[in-house]
1. What is the order of 66, 108, fewest Cβ neighbours within 10 Å to most?
2. Restricting the calculation to Cα positions, tell me the Rg (one decimal) and the Dmax (whole number) of the range 35-122 in Å.
3. Work out the length of the dipole vector of the chain about its Cα centre, built from +1 on the beta-carbon of each Lys and Arg and -1 on the beta-carbon of each Asp and Glu, and round it to the nearest 20 debye.
4. With a cut-off of 8 Å between alpha carbons and a minimum separation of six or more residues, what is the relative contact order of the range 1-120 in percent?
5. For the chain, modelled as a Gaussian network with Cα springs under 10 Å, which listed residue fluctuates most, 67, 82, 96?
6. Rank 122, 57, 22 by how far each Cα sits towards the positive end of the charge dipole of the chain (+1 on Lys, Arg Cβ; -1 on Asp, Glu Cβ) and give me just the farthest.
7. Does the range 47-93 come out rounded, prolate or oblate, given a ≥ b ≥ c as the square roots of the eigenvalues of its C-alpha gyration tensor, rounded meaning a/c under 1.5 and, failing that, prolate meaning a/b above b/c?
Amino acid sequence: MTSTAPEPVKLTVVDTTTAAWQDFPVPAIGAVLEHVPLLDDPDTGMQVIKMVYRAGFTNPWHTHPCGHGIYVLSGTLNTHQGTYGPGSFVWFPEGGSMEHGATDDEDCTFLFITNKPFDIHHLHPTN
């Protein structure tokens, strides 16, 4: 019996130091964030993006139908439960209410990871 080795997988590679930042509109609060898409899995809806919250920005009280994690690369993530610096990984379970953003004095750059398709519902939209 002969065994055939599987074909090597095709890698997805994004150089986030040279990739162009793209707009990430959040119409309910009139904001446009900046992000670099890294992975969008068509089978599960899971996403990974590099994103930045500019100093002073807060994504006000909202919910998601997906769990999501934020891995802080630089700056400080400010949440309803505390602040978290570089190297911190913060998981937000799906369904609960939350707010998060940057501190007033510095930008926060992070990896944003969802466990299924992303959606957001603001509890008190401004528009």
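Throughout, read-outs are computed from the coordinates displayed, never taken from laboratory work. Owing to the predicted nature of the structure, the values given are computational and were not obtained by experimental measurement. As a convention, Cβ positions derive from the backbone with ideal geometry for all residues, glycine included, and neighbour counts pool all protein chains shown.
1. Details: 66 19, 108 26.
Arranged by neighbour count, lowest to highest, 66, 108 become 66, 108.
2. Rg, Dmax (Cα atoms, Å): 12.3, 39.
3. Here the size comes out at about 140 debye.
4. Details: 263 pairs, mean separation 34.1, N = 120.
28 percent.
5. 82
6. The listed residue farthest towards the positive side: 122.
7. Details: a/c = 1.43, a/b = 1.19, b/c = 1.20.
Rounded, because the longest to shortest axis ratio a/c is under 1.5.
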